[in-house]
Amino acid sequence: LGRSMAVLNLRLKGTPVESALRALEEPHARLHQLVERFEREVDLKDRASINRFIEEELLPTFEVVMKHLLDLRELCKRHGCD
């Protein structure tokens, strides 16, 4: 999505789908930031630390991103995303 967001924003500007796409931007960016945080903050030799990060940070953010993607898909079905 990252590379195509600008194109999608232009195509969907002024449509009912635009707000759903905009709502996806922040959680999507946060998901990418979590990768950087994981690499910086998590001890890869500590399985409990890895699991805690995944459960407390990654999965909740991933669920939010997926919700926005599903909302976007539904709006595209209803209104078209051409």
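Okay, which of region 9-45 sit inside 11 Å, backbone N to the point 7 Å along the Cα-Cβ direction of His79? 12-22, by backbone N distance to the label point. The residues of region 19-71 expose, per residue, 72 Å² of accessible area to a 1.4 Å probe.
Let's see if you can work this out: charge +1 on each Lys and Arg Cβ, -1 on each Asp and Glu Cβ, no other charges. What is the dipole magnitude of region 13-71 about its Cα centre, in debye to the nearest 20? Here region 13-71 has a charge dipole of around 100 debye. Normalised radius of gyration (Cα atoms, divided by 2.2 N^0.38 Å) for region 1-81: 1.34.
How long is the gain from Leu69 to Ala29 if the chain were fully straight, where each residue apart is worth 0.36 nm and the alpha carbon distance is subtracted? Intermediate results must be reported in sequence, preceding the final value.
Details: separation 40, 0.36 × 40 = 14.40 nm, distance 1.36 nm.
Here the segment from Leu69 to Ala29 would lengthen by 13.0 nm.
Estimated from helices alone, the mean residue ellipticity of the chain at 222 nm is -24000 deg cm²/dmol (sum of -39500 (n - 2.57) over DSSP H runs with n ≥ 4, per residue). In whole percent, how big is the carbon plus sulfur part of the accessible area of the chain, probe 1.4 Å, protein atoms only? Carbon and sulfur: 54 percent of the exposed surface of the chain.
Residue-wise HN-Hα couplings along region 46-58, as the Karplus relation 6.51 cos²θ - 1.76 cosθ + 1.60 with θ = phi - 60° gives them from phi, are 10, 4, 5, 5, 4, 4, 4, 4, 4, 6, 8, 10, 5 Hz; Gly and Pro carry x.
The values are calculated or read from the model by the stated rules, or taken from the named source; none is laboratory data. What you see is a predicted model; the values in this text were computed from it and never measured. Positions of Cβ are generated from backbone atoms using ideal geometry, with glycine treated the same way; all protein chains shown enter the neighbour counts. The accessibility values were calculated without ligands, DNA or RNA, using every heavy atom of the protein model including side chains. Shrake-Rupley method; radii C 1.70, N 1.55, O 1.52, S 1.80 Å.
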